[in-house]
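Okay, structure first, notes after.
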Amino acid sequence: RVHIMAALITQAQLPSRAAAAPGSRWFEMAEVAKHNRREDGWIVVDSKVYDITNFIKNHPGWRNGGQTSTVLAISRNLGRDCSEEFRAIHSARAQALLPQFYVGDLAAKGPTGLPSELAERVAWALPCRD
């Protein structure tokens, strides 16, 4: 077991890859939605995308009846934006664990239909409209 910020998390629950550099990867919500299973589970919290696959696969709730509702709640939110629910039920200490599961940012679509981050880069190439 590894102690991280005074929270107990098992080595098996840690991500199998290093966290992405902030702002280095962008995902459409449709892509996040594909990762909606225990074997491949992503969530969105505050426009950040997290791969919690190992965390959910190795959660003690699968073996401990007292935590069954926890794994069911997590499972229900895989592939979805669960920002409001996540903030409502997690302590600051638990929220501080999220960055190690970070894989990228949620791409918000702009008026061009492109993710807003890309739309800003190509706006100069679009014809002017009055």
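The values are calculated or read from the model by the stated rules, or taken from the named source; none is laboratory data. Just so it is clear, the model here is predicted, and its values are computed rather than measured. All Cβ positions, glycine included, derive from the backbone under ideal geometry; neighbour counts span all protein chains shown. The protein model used for the area step is the full one, side chains on, heavy atoms only, and it has no ligands, DNA or RNA in it. Shrake-Rupley method; radii C 1.70, N 1.55, O 1.52, S 1.80 Å.
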**OP:** Give me the accessible area of His59, 1.4 Å probe, in Å² rounded to the nearest 10.
**Re:** 20 Å²
**OP:** Give, in nm to one decimal, the length gained when the segment between Ala19 and Asp40 is fully stretched (0.36 nm per residue of separation minus the Cα-Cα distance).
**Re:** 6.0 nm
**OP:** Using R₀ = 35 Å, calculate the FRET efficiency as 1/(1 + (r/R₀)^6) where r is the Cβ-Cβ separation of Thr68 and Ala108; round to 0.05.
**Re:** 0.50
**OP:** With label points built 7 Å along Cα→Cβ from the Cα atoms of Ala30 and Arg76, find their separation and express it in nm.
**Re:** 2.8 nm
Original post:
Roughly how many Å² of Asp81 are accessible to a 1.4 Å probe, to the nearest 10?
Top reply: 80 Å²
Subject >> Where trypsin sites (Lys or Arg not before Pro) fall in DSSP loop in segment 50-113, at most 16 other Cβ within 10 Å >> reply: Arg63
Original post:
Using a 1.4 Å probe, what is the accessible area per residue for segment 1-95, in Å²?
Top reply: 60 Å²
